[in-house]
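The values are calculated or read from the model by the stated rules, or taken from the named source; none is laboratory data. Here the structure is a predicted model, which is why all the values come from computation and not from measurement. Glycine also receives a Cβ, built like all others from the backbone with ideal geometry; neighbour counts cover every protein chain displayed.
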Amino acid sequence: MTGRRSREPNGRHMTLLADTLTWAGTAVCVLAGLRLLLTRGAAARLHAVAPVTALAAPLLLAGLALHPWSSWHDVVKIAVIGVLLAATGPATVVTAGQAVARAEGATTRAGTGPRGRDAREGEAP
């Protein structure tokens, strides 16, 4: 009985830690989603969702891996997901940012942006 009793608090603490990490990651996702709704512009929207990859995903993955019901198979799968996110996340954000910059640059060159037609009117032909 004493052996079983000494393991219970550790299990409760681990469950509490896992739940805290999972809910913290969920809160970051929800807040980033709400922020996304209020943000205008593609570049600003890209920055609004950046915390999901940088903060929410690691919190959620750590929380799920620490849950008592997670088997080692689950933890390995979660670790693979974490490695893939860490490896591809920054490249994805950079590529999306470059696409946004190119799209915004194309609109300014086409005469629809702030440096468009008005800026070219003063130029000599």
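Below are the figures for this structure:
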| read-out | value |
| --- | --- |
| Qualifying positions in segment 1-17 - of a type in the set (Val, Ile, Thr) and either within 16 Å of Pro68 (Cβ to Cβ) or modelled with pLDDT of 85 or more (or both) | Thr15 |
| Filter pass, Gly122 being over 30 Å from Ala27 (Cβ atoms), surrounded by 11 or more Cβ atoms within 10 Å (Cβ to Cβ) and either modelled with pLDDT under 85 or under 21 Å from the mean Cα position of the chain (by Cα) (or both) | no |
| Residue within segment 18-35 that is among the basic types (Lys, Arg) and at pLDDT 90 or above present | yes |
| Positions within segment 79-100 being over 16 Å from the mean Cα position of the chain (by Cα) and among the β-branched types (Val, Ile, Thr), in sequence order | Val80, Val100 |
| Hits in segment 51-91 (condition: part of a helix (DSSP H, G or I) and among the hydroxyl-bearing types (Ser, Thr, Tyr)) | Thr53, Thr88 |
| Sole exception among (1) more than 19 Å from the chain's Cα centre (by Cα); (2) at pLDDT below 85; (3) surrounded by 12 or more Cβ atoms within 10 Å (Cβ to Cβ) for Val75, by number | (2) |
| Residues of segment 22-45 classified as assigned to a loop (DSSP other than H, G, I, E, B) and either surrounded by fewer than 14 Cβ atoms within 10 Å (Cβ to Cβ) or of a type in the set (Phe, Trp, Tyr) (or both), total | 2 |
